[in-house]
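Here the structure comes first, spelled out in structure tokens, and everything after it is commentary.
The values are calculated or read from the model by the stated rules, or taken from the named source; none is laboratory data. This is a predicted model, so every value here is computed, not measured. Ideal geometry is used to build each Cβ from the backbone, glycine not excepted, and the neighbour counts take in all protein chains shown.
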Amino acid sequence: MSKKIAIIGRGTAGCLSYLRSLTIKNNHPDLNLKIEWYYDSDSSPVSVGEGTTPNFSRELEASGLFPTTCDLDKIDARPKIGISYENWGESDYIHPFAFGEFGVHFNANKFQDFVFNSQKDAEDVTVLDKNVSHEDIDSDLIIDCSGKPKSFEDYDIPKYIPVNAVHVQQCKWNTEPKYLHTKTISRKWGWVFVIPLTSRCSVGYLYNKDISSLEDVKEDILEVIDSLDVTATSVTNSFHFDNYVRKKLVEDRVVYAGNSGFFLEPMEATSLDGVFRIIQCVEHKIQIDGFDNVYNWHSKKFFKELEYFIMMHYAAGSKWKNEFWDFAQYRGKKALEEAKLDPLFGSFIKREPIKSDYSPYFNPFSWEYNLKGLGLER
């Protein structure tokens with residue numbers, strides 16, 4: 001028996017899909033798995049999304065490309081042991097990862113280049129610089145990581161998420177990096193992530209472009225930068241984005257991973273972890289036909305869980321009282337009310353036994369830490 005997987009795209013989602021394919025190849029030599037990797041050199045990979053959960057670390061280790069933490073230097077990475085929240089809810093708090101687990105803060109460009117360049121000549125891997133459609137490919141399974149769709153006709157739009165734009169400012173350290181948490185700081189017009197890499201510090205401001213201007217955000221982000229013992233560089237990136245999830249993320253022989261299938265604002269590395277949730281089905285699907293309805297049911301539940309988890313933070317409000325936070329907190333409270341009425345997600349919030357075939361993404365202590373830290377009632 002011989003099977004073939006084709007991957008479209010060499011961005012972060014494409015590289016992670018390749019690593020998962022490599023793991024499947026190592027775990028199932030009987031499949032005689034061949035991998036085709038398509039990329040378009042005229043299209044630059046997106047390099048945002050540089051904070052992760054422990055799923056990322058496990059994926060790197062399983063692939064064999066990063067057997068020890070020392071290998072993280074290849075991608076300018078540092079361990080991440082949790083998320084610290086400032087100015088949210090009633091008081092500042094930290095959401096830690098479980099004992100013995102860690103994610104990483106990593107350089108997306110270096111990660112993409114390292115994985116691609118180290119594997120493009122690997123055995124049983126064919127790398128093709130070609131803009132392709134699904135019809136052009138004869139593989140048993142296609143993992144589509146081709147990027148944001150041109151139309152949202154086949155997509156659901158999350159109804160609660162209040163941010164749709166980001167301004168990212170790269171900074172250099174004045175001294176050595178001092179912490180191993182992603183900082184998540186509520187600000188006047190939204191919230192700021194601070195991702196500490198070895199060689200630089202990435203500071204990004206999420207906001208709503210229909211409420212606040214980019215000029216407002218650029219002015220407010222300076223206060224955060226001044227508090228971090230870093231120096232702003234000339235490297236910045238500002239763009240608008242859509243929040244969306246494809247109605248069918250698994251369809252026939254195609255699995256949609258990364259921006260081709262979904263994007264949700266990146267609180268707690270949720271959008272990147274969506275890639276892991278989707279490609280988990282690949283190992284099963286490459287061996288057994290069918291089950292698309294099952295995969296899609298679990299995917300739909302997963303992205304609803306992410307939306308509720310994100311909106312829980314907005315429901316708690318922040319120290320800021322203005323148009324944005326009135327808008328965001330109202331949506332957060334509505335989302336939490338809806339979640340409590342859901343037989344599955346209400347169990348997470350109320351700490352009741354979960355009676356479902358769905359395997360939750362956030363374990364109970366993650367809900368517990370955030371609900372308690374935010375000062376939210378059950």
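Screening the candidates 156, 252, 226, 144 for the property of being surrounded by fewer than 17 Cβ atoms within 10 Å (Cβ to Cβ) and either under 23 Å from residue 311 (Cα atoms) or in contact with a helix residue (DSSP H, G or I) (Cβ under 6 Å, 6 or more places away or on another chain) (or both) yields one hit, 156. Of all residues in the stretch 173-193, those that are closer than 10 Å to residue 86 by Cα and more than 23 Å from the chain's Cα centre (by Cα) total 0. Go over the candidates 151, 133 one by one and state the one that is without any contact (Cβ under 8 Å) to a residue 40 or more places away in the chain, farther than 30 Å from residue 191 by Cβ and not acidic (Asp, Glu). Exactly one of 151, 133 is without any contact (Cβ under 8 Å) to a residue 40 or more places away in the chain, farther than 30 Å from residue 191 by Cβ and not acidic (Asp, Glu), namely 133.
Would you please name the residue that is surrounded by the most Cβ atoms within 10 Å (Cβ to Cβ), looking only at residues in the stretch 159-185 that are farther than 25 Å from residue 256 by Cβ and of a type in the set (A, V, I, L, M, F, W, C)? Ranking the candidates gives 185 first. Scanning the stretch 259-285 for residues that are within 20 Å of residue 34 (Cβ to Cβ) and crowded, with 23+ Cβ neighbours inside 10 Å gives a single hit, 279.
The one condition from (1) modelled with pLDDT under 90; (2) of a type outside the set (A, V, I, L, M); (3) in contact with a strand residue (DSSP E or B) (Cβ under 9 Å, 6 or more places away or on another chain) that residue 67 does not meet is (3).
Of the set (1) surrounded by fewer than 22 Cβ atoms within 10 Å (Cβ to Cβ); (2) in a loop (DSSP other than H, G, I, E, B), all apply to residue 10 but (1).
Go through the stretch 338-357 residue by residue and tally those that are under 16 Å from residue 309 (Cα atoms) and in a loop (DSSP other than H, G, I, E, B). Give the derivation first.
From the stretch 338-357, those under 16 Å from residue 309 (Cα atoms) are 338-351; that's our starting set.
Those left that are additionally in a loop (DSSP other than H, G, I, E, B): 342-344, 351.
Number of matching residues: 4.
Considering only residues that are among the polar types (S, T, N, Q) and assigned to a loop (DSSP other than H, G, I, E, B), which ones fall in the stretch 61-87? Explain how you work it out, then say what you get.
So the first thing to find is which residues in the stretch 61-87 are among the polar types (S, T, N, Q), and the list is 63, 68-69, 84, 87.
68, 87 - these are the residues of the stretch 61-87 that are among the polar types (S, T, N, Q) and assigned to a loop (DSSP other than H, G, I, E, B).
Scanning the stretch 124-173 for residues that are of a type outside the set (Val, Ile, Thr), part of a loop (DSSP other than H, G, I, E, B), under 30 Å from residue 233 (Cα atoms) and modelled with pLDDT of 95 or more gives 162, 164. Please tell me if residue 210 is surrounded by fewer than 22 Cβ atoms within 10 Å (Cβ to Cβ), under 30 Å from residue 135 (Cβ atoms) and modelled with pLDDT of 95 or more. So residue 210 does not fit the description; no.
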